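Visitor: Quick one: the structure is below, and I'll ask about it shortly.
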Amino acid sequence: MSKSHHTTWNDLKGKTKIEIQGMSKDPDSLLNNMVKKRRVKKTVKADRKANKARIKNEL
């Protein structure tokens, strides 16, 4: 991953449901940063898996 994400689910610990709902509307909130992080991680993992399979098939 080229970008560094320093937010964790523990950062959301102790937040109320109303606070989290308010975060969902704010594009720069911790919650939206976590969503971006999850998307990046998912694509990176898929790319690595595809690359590994491609290299294995070439041999």
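Visitor: Can you tell me how many residues within the range 1-42 are in contact with a Leu (Cβ under 8 Å, 6 or more places away or on another chain) and assigned to a helix (DSSP H, G or I)?
Guide: Going through the range 1-42, the residues in contact with a Leu (Cβ under 8 Å, 6 or more places away or on another chain) turn out to be 7, 11-12, 20, 23-24, 30-31, 34.
From what is left, the residues that are assigned to a helix (DSSP H, G or I) are 11-12, 20, 23-24, 30-31, 34.
So the count comes out to 8.
Visitor: Got a number for residues in the range 25-52 being polar (S, T, N, Q) and surrounded by 12 or more Cβ atoms within 10 Å (Cβ to Cβ)?
Guide: Of the residues in that region, 3 qualify.
Visitor: May I pose another question? Which residues, taken from the range 4-24, are more than 11 Å from the chain's Cα centre (by Cα), surrounded by fewer than 10 Cβ atoms within 10 Å (Cβ to Cβ) and hydrophobic (A, V, I, L, M, F, W, C)?
Guide: Our first condition is that a residue be more than 11 Å from the chain's Cα centre (by Cα); within the range 4-24, this holds for 10-24.
Next, from what is left, pick out any that are surrounded by fewer than 10 Cβ atoms within 10 Å (Cβ to Cβ): 10, 13-14, 16-18.
If the condition is that a residue be more than 11 Å from the chain's Cα centre (by Cα), surrounded by fewer than 10 Cβ atoms within 10 Å (Cβ to Cβ) and hydrophobic (A, V, I, L, M, F, W, C), then I18 is the only one that fits.
Where a number appears in this text, it was derived from the coordinates with a stated rule and is not lab data. Small disclaimer: the values here were computed from a predicted structure and weren't measured. Please note: Cβ atoms are built from the backbone with ideal geometry, for glycine as well, and neighbour counts cover all protein chains shown.
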